[in-house]
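Structure, as structure tokens:
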Amino acid sequence: MKIVCCNDYKEMSRVGAGMVAEIVKSKPACVLGLATGSTPEGLYAELIDMYKKGELDFSEVTTVNLDEYYPISPENEQSYRYFMNTKLFDHVNVDKANTHVPSGSAEDAAAEAARYESFVRSLGGADIQILGIGRNGHIAFNEPAEALYPATHVTGLTEDTIDANARFFASADEVPTKALTMGMGTILSAKKIIILANGKGKHEAVSAMLSGMVTTSCPASFLNLHADVTLICDREAYEG
Ligand code: GLP
């Protein structure tokens with residue numbers, strides 16, 4: 001795993017956006033694997049900036065998001081679909097029809113997971129996948145467990161993740177307890193992966209990921225099995 005240790009959040013976001021921009025410029029019809037959470041917000045703001053300056057064109061881009069709460073409607077302000085529209089899609093020239101997020105309002109969650117998995121596979125995986133990391137080492141909604149799923153699936157959220165994500169909801173009771181998420185194999189099918197981490201709160205998870213072992217107790221450690229992963233982090237996440 002390559003490591004780029006940045007001075008602060010702004011620099012981390014710029015470096016990450018630069019790597020995404022390189023892909024979009026060299027392959028206009030690329031597939032971008034996108035993530036939600038507070039970490040990549042700065043990266044998306046940088047991409048919007050580049051687009052407004054005329055440096056980037058998203059007209060041929062396809063996007064696939066990692067995950068979505070279940071059940072949740074796309075209009076719900078806490079849904080990952082709403083997040084992506086407001087933080088990126090509404091501000092660039094991507095065709096919304098080419099933006100994909102697992103459907104939190106599908107009647108049959110398992111069928112939606114299977115549909116999403118074949119769709120991502122039919123695209124040949126993402127050209128670049130952006131990831132954040134949970135403070136317990138989760139990626140997307142692959143939570144630490146005895147065993148991990150390779151494909152997109154329905155999953156329960158751990159207490160720790162519900163607690164961490166409660167800040168976006170009126171209370172912890174309102175955080176959905178389930179989600180649809182790409183599995184480890186779906187994520188690892190991306191040609192290139194960048195994982196962003198900032199702040200002391202992520203230090204433990206980053207250290208576990210970098211410990212050199214692959215373990216289901218830190219799903220992010222599976223990224224050590226991929227040939228092209230870059231950790232872009234700030235000093236606090238790296239040094240603690
Ligand atoms: C969420 C998301 C992850 C994200 C993580 C960290 O649960 N499903 O994709 O990486 O939590 O979020 P944040 O960036 O807000 O710390």
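Return the residues of the range 187-205 that are in a helix (DSSP H, G or I), within 13 Å of the ligand (Cβ to nearest atom) and either free of Cβ contacts under 8 Å to residues at least 40 places away in the same chain or surrounded by 19 or more Cβ atoms within 10 Å (Cβ to Cβ) (or both); say none if nothing qualifies.
Ile187, Lys202, His203, Ala205
(1) out of contact with any strand residue (DSSP E or B) (no Cβ under 8 Å at 6 or more places or on another chain); (2) within 26 Å of Val31 (Cβ to Cβ): which one isn't true of Thr99, the others all being true?
(1)
Considering only residues that are open to solvent by 10 Å² or more (accessible area, probe 1.4 Å) and small (Gly, Ala, Ser), which ones fall in the range 4-37?
So the first thing to find is which residues in the range 4-37 are open to solvent by 10 Å² or more (accessible area, probe 1.4 Å), and the list is 4-5, 7-11, 14-15, 18-19, 22-23, 25-29, 31, 36-37.
Correct list: Gly18, Ser26, Ala29, Gly37.
Just to be sure I understand the filter: pairs with C-beta atoms under 7 Å, separated by 6 or more residues or on different chains, first member in the range 156-183 and within 22 Å of Pro74 (Cβ to Cβ) and open to solvent by 60 Å² or more (accessible area, probe 1.4 Å), second member within 12 Å of the ligand (Cβ to nearest atom) and assigned to a helix (DSSP H, G or I). Which pairs pass?
Thr177/Ile162
Each row is one residue, and each column tells you yes or no for (1) over 21 Å from Glu41 (Cβ atoms); (2) among the hydroxyl-bearing types (Ser, Thr, Tyr).
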position: Gly156; (1), (2): yes, no
position: Asp163; (1), (2): no, no
position: Arg167; (1), (2): no, no
position: Ala170; (1), (2): no, no
position: Val206; (1), (2): no, no
position: Met213; (1), (2): yes, no
position: Ser217; (1), (2): yes, yes
position: Ile232; (1), (2): no, no
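Quick one: Gly183 ticks every box in (1) modelled with pLDDT of 95 or more; (2) of a type in the set (Gly, Ala, Ser); (3) over 17 Å from the mean Cα position of the chain (by Cα) except a single one, so which number is it?
Going through the list (1) modelled with pLDDT of 95 or more; (2) of a type in the set (Gly, Ala, Ser); (3) over 17 Å from the mean Cα position of the chain (by Cα), Gly183 breaks only (3).
Just checking, which of Asp57, Asp67 is in contact with a helix residue (DSSP H, G or I) (Cβ under 8 Å, 6 or more places away or on another chain), farther than 30 Å from Gly212 by Cα and of a type outside the set (Gly, Ala, Ser)? Can you show your working first?
Details: Asp67 fails: farther than 30 Å from Gly212 by Cα.
Answer to the check: Asp57.
The values are calculated or read from the model by the stated rules, or taken from the named source; none is laboratory data. Predicted model, so just to flag it, every value in this text is computed and none were measured. So basically every Cβ, Gly included, is an ideal-geometry build from the backbone, and we count neighbours across all protein chains shown. Side chains included, ligands, DNA and RNA excluded: accessible areas come from the protein's heavy atoms. Shrake-Rupley method; radii C 1.70, N 1.55, O 1.52, S 1.80 Å.
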